[in-house]
1. Of everything in region 230-259, what is surrounded by fewer than 24 Cβ atoms within 10 Å (Cβ to Cβ) and under 15 Å from the mean Cα position of the chain (by Cα)? Give them in sequence order.
2. Scan (1) within 18 Å of residue 261 (Cα to Cα); (2) surrounded by fewer than 24 Cβ atoms within 10 Å (Cβ to Cβ) for the single condition residue 220 breaks and write down its number.
3. Do you know which of the residues in region 385-399 that are under 21 Å from the mean Cα position of the chain (by Cα) and surrounded by 15 or more Cβ atoms within 10 Å (Cβ to Cβ) is farthest from residue 147 (Cα to Cα)?
4. Working carefully through the options 87, 43, find the one that is modelled with pLDDT of 95 or more, out of contact with any strand residue (DSSP E or B) (no Cβ under 8 Å at 6 or more places or on another chain) and in a loop (DSSP other than H, G, I, E, B).
5. Can you tell me which condition residue 29 does not meet? The list is (1) within 19 Å of residue 105 (Cα to Cα); (2) touching a helix residue (DSSP H, G or I) at 6+ places or on another chain (Cβ under 6 Å); (3) free of Cβ contacts under 8 Å to residues at least 24 places away in the same chain, and all the others hold.
6. Taking region 326-343, which residues are under 30 Å from residue 241 (Cβ atoms) and buried (at least 19 other Cβ atoms within 10 Å of the Cβ)?
7. Which condition number in (1) out of contact with any strand residue (DSSP E or B) (no Cβ under 6 Å at 6 or more places or on another chain); (2) surrounded by 15 or more Cβ atoms within 10 Å (Cβ to Cβ); (3) more than 30 Å from residue 105 (Cβ to Cβ) is the one that residue 351 fails?
8. Of the numbered conditions (1) under 23 Å from residue 112 (Cα atoms); (2) in contact with a helix residue (DSSP H, G or I) (Cβ under 8 Å, 6 or more places away or on another chain), residue 72 fails exactly one; give the number of that condition.
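The values are calculated or read from the model by the stated rules, or taken from the named source; none is laboratory data. Fair warning: this is a prediction, and the values are worked out from it, not measured in the lab. Cβ placement follows ideal geometry from the backbone for every residue including glycine, while neighbour counts extend to all protein chains displayed.
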């Protein structure tokens with residue numbers, strides 16, 4: 001699928017509110033309350049010290065914010081009522097370049113690029129020019145080393161023009177217990193990392209062009225226990241030359257529910273995919289096991305070569321692949337499939353004419369999602385030492 005990724009940072013800043021005292025003015029406050037200490041998210045991030053907590057009360061915050069200090073936690077006290085709103089005129093909602101920082105328990109919506117962006121790209125000219133897509137030269141990964149340590153927990157991202165939660169040039173992270181709908185490209189995206197050392201787990205993605213997207217993201221990358229339903233395409237594994245570090249390889253996709261990805265009331269993706277559960281284009285040596293993959297009109301699992309990259313050595317094992325247009329489509333021959341309970345296997349998917357989609361901003365807003373535990377009183381937990389021990393075998397075939 002498309003890897004177009006505009007890392008734009010333009011945004012308007014809300015006016016400052018009350019101060020946080022002399023210590024806060026120097027950026028040494030352990031906790032900054034919004035709007036009690038300041039009405040501006042940007043100023044709150046300036047006031048908080050590295051390792052501190054910005055605690056945000058309910059409200060609609062019409063501004064963009066960049067978290068560049070290390071180990072800062074940006075947290076809402078109510079996931080559905082703390083809203084960072086791009087008003088369809090700002091590019092990114094929350095951009096995180098500070099190592100070990102966290103975004104949790106809030107909503108991001110209506111941005112022209114991304115809801116939440118974690119990245120090691122700090123050059124504003126490169127950010128404004130984009131990272132990936134047509135006419136783009138892959139980033140210098142030596143000049144811009146990956147962000148190390150990030151976490152998104154209990155985030156709701158909806159109706160953003162590219163990605164809901166986006167980790168690019170970032171490693172050692174976790175995206176968990178989050179929800180994404182109405183993105184015109186993908187709900188959750190992990191791109192350009194090797195080794196990624198990243199876990200995407202227990203998320204729900206629906207009504208996006210693509211639910212979960214992985215491009216040139218490899219090694220110690222785990223997509224576990226997610227619900228990926230009612231998108232146009234469920235999950236993609238991509239290799240291409242629009243980003244560095246190709247080919248994509250060595251990810252584990254286990255214990256996910258990937259069903260009914262035929263949603264006509266979702267944004268239309270530029271490459272036109274529709275009715276596919278898992279699509280692997282030029283991907284290598286991935287393990288796809290113990291997933292339920294049903295009800296996708298074109299194909300349950302589609303593995304194919306793409307220009308410049310042969311899809312090979314992918315293992316598709318012990319899934320329940322049923323009631324798809326074609327259950328397994330192994331257009332690339334050097335891949336293995338076993339014990340998937342599939343009924344149909346082919347070199348080509350079932351013919352499906354992609355129907356027109358709808359504008360991303362017209363996808364209905366989601367219902368409120370569950371809050372994290374004790375958001376007003378829980379201590380900050382920076383993204384250090386992530387992802388911790390990962391046991392894919394704990395993620396069994398969903399019921």
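1. Those that are surrounded by fewer than 24 Cβ atoms within 10 Å (Cβ to Cβ) and under 15 Å from the mean Cα position of the chain (by Cα): none in region 230-259.
2. Result: residue 220 passes all but (1).
3. Per the stated criteria, the residue is 395.
4. Values: 43 fails: in a loop (DSSP other than H, G, I, E, B).
Going through 87, 43 in turn, just one is modelled with pLDDT of 95 or more, out of contact with any strand residue (DSSP E or B) (no Cβ under 8 Å at 6 or more places or on another chain) and in a loop (DSSP other than H, G, I, E, B): 87.
5. It is condition (1) that residue 29 fails.
6. Residues of region 326-343 that are under 30 Å from residue 241 (Cβ atoms), as a first pass: 326, 328-337.
Correct list: 326, 328, 329, 330, 332, 335, 337.
7. Going through the list (1) out of contact with any strand residue (DSSP E or B) (no Cβ under 6 Å at 6 or more places or on another chain); (2) surrounded by 15 or more Cβ atoms within 10 Å (Cβ to Cβ); (3) more than 30 Å from residue 105 (Cβ to Cβ), residue 351 breaks only (2).
8. So the condition that residue 72 fails would be (1).
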